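Novice: Next up is a structure, given as structure tokens.
Read-outs: derived from the displayed coordinates by stated rules, not from any lab. Everything numeric in this text was worked out from a predicted model, so none of it was measured. For neighbour counting, all protein chains shown are included, and Cβ atoms are generated from backbone atoms with ideal geometry for every residue, glycine included.
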């Protein structure tokens with residue numbers, strides 16, 4: 001068995017050990033999705049399935065029993081289909097290639113599952129992630145119930161296997177971290193390339209569009225072996241940067257604009273996620289530099305708060321503390337109207353300028369799985385009234401950070417024209433995002449191959 005197969009086998013064994021006596025788990029991969037009349041979207045496997053198999057073909061399903069037996073259902077060999085779509089592994093080769101105990105052709109899944117579920121106590125499968133899976137399970141269980149008069153026992157519990165897998169995936173192993181570091185390195189290079197292209201084109205008097213920089217990102221991703229972007233790249237110039245989920249379009253990039261790029265590649269199933277904001281021509285204006293340095297200071301505070309034993313919410317709290325004071329200092333908030341920094345935080349007066357959280361989990365998915373509540377403290381609940389919406393919110397203790405967890409740190413400021421907002425700051429959108437691995441003593445920023453300090457960005461863009 002190869003080292004990678006051994007890794008996947010260990011993960012499957014960990015799942016089996018948590019299924020309970022008589023448990024059985026069903027984990028399908030993603031379906032192919034039709035894009036238009038005669039073309040599918042580029043296929044991407046299901047993350048849970050890949051985490052347990054390393055297998056990337058569509059039309060597949062993994063079954064694990066509490067006793068540790070693993071069965072794979074996959075596409076059968078088909079010479080004609082392989083001419084059009086490429087080679088398939090096939091059931092005969094799957095056990096040796098993937099380290100599973102048995103493999104069968106995908107079309108027999110429906111007939112094999114009822115006997116496999118018979119005399120089991122609990123069936124585990126991912127809830128609300130695969131359309132139609134619940135109905136399939138119901139059908140298989142109905143087939144088992146039809147045999148109860150012959151002494152068959154039907155599972156009387158259904159449980160969400162994501163509860164097991166989310167906890168496993170939250171702590172990354174050495175292989176996962178190595179892959180994520182490489183993905184981060186590729187993505188950092190793409191950001192550098194886009195920054196330099198922007199300045200070079202403007203210096204040459206060329207017209208620059210957002211899609212020109214998007215092309216640089218895609219080129220760098222594929223040039224270094226990334227399979228595809230981890231998410232739709234954001235390339236937003238000028239006022240477009242104040243639209244949080246803006247996609248790279250045809251917007252013109254002008255001298256004097258700031259450009260916000262939020263982009264990361266996916267490599268071997270793992271995502272990276274970087275945001276940089278830079279002056280299109282390589283030189284920050286005064287107001288741009290003031291707000292940029294404020295956002296960077298808030299990120300520095302968040303990084304300092306990101307360490308083992310801290311709560312997941314602490315980097316966000318550190319960010320908001322710096323931004324609240326900074327918004328007062330630069331005049332975006334009037335202290336005569338909103339009070340001091342503590343009042344700004346308590347009343348969420350910063351929200352028109354900073355409306356998202358500072359972090360999210362990162363891994364196989366960009367917004368990766370894993371609870372943000374500390375599991376041992378789920379029952380501890382405090383109620384509070386949101387000062388903006390008036391909604392009653394139930395708060396539970398935030399997750400305690402542990403070595404091996406990976407999260408983003410991404411503060412920002414977005415200034416739209418509004419009464420009382422100084423005109424020199426209008427249409428400035430800034431976000432700075434890095435990927436942080438929790439270590440034994442703090443955190444490691446794996447995305448700093450692209451500069452983050454304003455002076456370093458300007459120096460890079462002069463090169």
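Novice: Cα-based Rg (one decimal) and Dmax (whole number) for the chain, in Å?
Specialist: Using the Cα atoms of the chain, the pair Rg, Dmax is 25.3, 82 Å.
Novice: Moving on to the next point. Order by neighbour count: 43, 8, fewest other Cβ atoms within 10 Å first, most last.
Specialist: Fewest-to-most Cβ neighbours within 10 Å comes out as 43, 8.
Novice: If eta is 1.567 mPa s and T is 4 °C, what Stokes-Einstein diffusion coefficient results for the range 1-94, Kirkwood Rh from Cα pairs, in µm²/s? Let's see the in-between values first.
Specialist: Details: Rh = 14.6 Å.
Stokes-Einstein gives a translational diffusion coefficient of 89 µm²/s.
Novice: Still on this model: Would you list the P(r) distribution for the range 1-160, with all Cα-Cα distances sorted into 10 Å bins from 0 and each bin expressed as a whole %?
Specialist: Final binned percentages: 10, 38, 35, 14, 3.
Novice: What order do you get for 299-307, 377-385, 88-96 when each peptide is scored by the mean count of other beta carbon atoms within 10 Å, highest first?
Specialist: Sorting 299-307, 377-385, 88-96 by mean packing, highest first, produces 299-307, 88-96, 377-385.
Novice: If you wrap a convex hull around the C-alpha atoms of the range 216-293 and split its volume per residue, what is the figure in Å³?
Specialist: On the way: hull volume 7.8 nm³, N = 78.
Cα-based convex hull of the range 216-293, divided per residue, equals 101 Å³.
Novice: Could you give me the radius of gyration and the Dmax of the range 320-463, taking only the C-alpha atoms into account and expressing both in angstrom?
Specialist: Cα radius of gyration and Dmax of the range 320-463 are 18.2, 55 Å respectively.
Novice: Also: Mind checking the full-extension length gain between residue 152 and residue 453? Use 0.36 nm per residue of separation minus the Cα-Cα distance, one decimal, nm.
Specialist: 101.6 nm
Novice: Note the angle between two axes, namely the Cα long axis of helix 314-330 and the longest principal axis of the Cα atoms of the chain, as a number of degrees from 0 to 90, rounded to the nearest 10.
Specialist: Result, in degrees: 20.
Novice: Sort out for me the Cα centre separation of the range 319-394 from the range 164-193, rounded to whole Å.
Specialist: 27 Å
Novice: Pulled fully out, how much extra length does the chain show between residue 102 and residue 421, if you take 0.36 nm times their separation in residues and subtract their Cα-Cα distance? The partial results should precede the final answer.
Specialist: Numbers: separation 319, 0.36 × 319 = 114.84 nm, distance 6.56 nm.
Gain in length upon complete extension: 108.3 nm.
Novice: As I understand it, the value is the acute angle between the Cα axis of helix 133-145 and the longest principal axis of the Cα atoms of the chain; what does it come to in degrees, rounded to 10?
Specialist: Tilt of helix 133-145: around 20 degrees.
Novice: Using only Cα atoms, find the angle between the long axis of helix 3-16 and the longest principal axis of the chain, and express it within 0 to 90 degrees, rounded to the nearest 10.
Specialist: 80 degrees
Novice: Measuring from the lowest to the highest alpha carbon on each principal axis, how far does the range 115-268 reach, largest first, in angstroms?
Specialist: Ordered largest first, the range 115-268 gives principal extents of 82, 33, 23 Å.
Novice: Could you list 361, 84, 124 in order of exposure, starting from the residue whose Cβ has the fewest other Cβ atoms within 10 Å?
Specialist: Listing 361, 84, 124 from fewest to most nearby Cβ atoms yields 84, 361, 124.
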